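Structure first, then comments.
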């Protein structure tokens with residue numbers, strides 16, 4: 001039922017939001033088109049300026065510049081280079097999402113430009129539905145079915161999450177990798193076969209890293225989770241799962257050999273894509289306390305609801321309430337760690353807190369340190385453990401006999417926020 005609610009909201013978002021109105025949709029579709037039309041992955045120049053011009057004409061026809069309060073250019077620029085303030089190329093982006101999307105367009109025989117964009121939006125929604133299932137499965141292993149249902153429902157009615165799950169954007173696949181990681185990490189800490197679970201964690205990490213920059217913190221999580229499992233979990237037996245591990249390792253070797261001719265160039269492209277976040281030098285803006293304050297506020301707000309290309313924020317009072325909710329939930333998690341009645345949830349709180357902290361650290365390290373603006377959607381690979389912490393933290397303040405009322409209140413708060421987002425932001429912006 002929760003997944004159905006999410007899918008219906010996703011279908012509404014696809015129907016309401018015009019083409020090109022999600023972040024970077026033109027650039028992502030342009031790269032998908034190039035990969036779909038070529039037979040070799042390692043292309044010297046992954047651009048088709050004629051296709052870029054077609055996209056720009058479509059953007060003009062659908063009033064894209066109006067949402068920036070700018071006049072539509074006439075004539076339309078010949079390529080993305082003619083719109084430097086808003087568009088850039090994505091030729092060095094990690095390839096997995098683009099290969100998957102190119103396969104969808106090729107197998108579907110889709111030629112029309114706008115139809116291609118809508119097909120990839122539906123693909124994003126198809127990737128987001130199992131994301132919810134993984135969130136439910138991981139949360140259930142650590143906190144039980146009631147918390148699992150609550151955390152999954154909060155995710156399903158999250159307005160910014162549904163918007164990004166229906167965009168032409170690698171985010172949906174990166175978020176799925178994060179949800180799979182959460183599920184398998186929970187299994188590792190609750191006695192599942194260790195070797196097979198670690199193999200799946202490694203697979204989710206590799207796919208995430210080769211999908212989007214927001215998947216990079218999964219590498220740190222992969223190094224951290226086994227230590228948490230060793231300290232607090234019930235690690236399953238290695239011997240029972242060795243055939244699966246050998247098979248998985250053999251499969252990875254075969255895939256690596258088959259992909260050897262393009263894998264290393266893709267690693268080089270990945271380094272170029274991440275170069276802005278791997279400088280490890282303090283930008284001048286990052287040394288300003290005001291920038292840190294604005295970055296933190298912007299990261300929080302854009303993680304809840306700022307529709308379009310960060311053009312349409314939710315009402316400020318609601319964004320403030322969401323900040324307060326996060327602080328209250330974080331305090332509740334600290335209270336829960338000390339309450340004997342919640343001792344069974346301590347391991348889950350530690351794991352979820354570690355994953356969220358590493359993702360947040362990755363966002364600050366890659367964006368804030370280098371002086372770039374905040375992107376709340378980069379937090380969504382850990383939306384599962386985050387929502388689990390919100391659910392648990394809000395309940396930890398109250399005796400167990402009041403938890404049913406707390407659950408109703410938390411769900412009602414999120415549903416009202418979602419309704420405000422649609423009624424006061426999304427629908428007025430695009431209808």
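Working note: Debye formula, equal point scatterers on the alpha-carbon atoms of the stretch 86-165, no solvent; log10 I(q)/I(0) at q = 0.19, 0.24 Å⁻¹ is -0.91, -1.11. Per-residue ellipticity at 222 nm from helix content only, as computed over the chain with -39500 (n - 2.57) for each DSSP H run of at least four residues, stands at -21500 deg cm²/dmol. Packing-based ranking of 392-404, 165-177, 117-129 yields 165-177, 117-129, 392-404, ordered from highest to lowest mean Cβ neighbour count within 10 Å.
Counted over all Cα-Cα pairs of the chain, pairs farther apart than 34 Å make up 32 percent. Packing, as the average of other Cβ atoms within 10 Å across residues, places the peptides 302-312, 365-375 in the order 302-312, 365-375, highest first.
At a temperature of 25 °C and a viscosity of 0.890 mPa s, determine how fast the stretch 279-399 diffuses translationally according to Stokes-Einstein, using the Kirkwood radius over alpha-carbon pairs as Rh; express D in µm²/s, rounded to the nearest whole number. D, rounded to a whole number, is 158 µm²/s. Taking the square roots of five times each eigenvalue of the Cα gyration tensor of the stretch 336-431, the equivalent ellipsoid has semi-axes of 29, 24, 8 Å, listed largest first. Relative contact order for the stretch 26-149: 24 percent, from Cα pairs under 8 Å spaced at least 6 residues apart, divided by residue count. Return, ordered by residue number, the residues of the stretch 408-425 whose backbone nitrogen is under 14 Å from a label point located 7 Å along Cα→Cβ of residue 317. Counting backbone N atoms under 14 Å from the label point, the list is 417, 420-421, 424. The calculated P(r) of the stretch 8-120, using every Cα pair and 10 Å bins from 0, goes 13, 46, 33, 8, 0 in percent.
Peptides 213-219, 324-330 ranked from most to least packed by the mean count of surrounding Cβ atoms within 10 Å: 213-219, 324-330. Averaging the sequence gap over all C-alpha pairs within less than 8 Å and six or more residues apart, then dividing by the number of residues, gives the chain a relative contact order of 20 percent.
Read the figures in this text as sums done on the coordinates, not as results from a lab. Computed from a predicted structure; not experimentally measured. With ideal geometry, Cβ positions are generated from the backbone for all residues, glycine too; neighbour counts draw on all protein chains shown.
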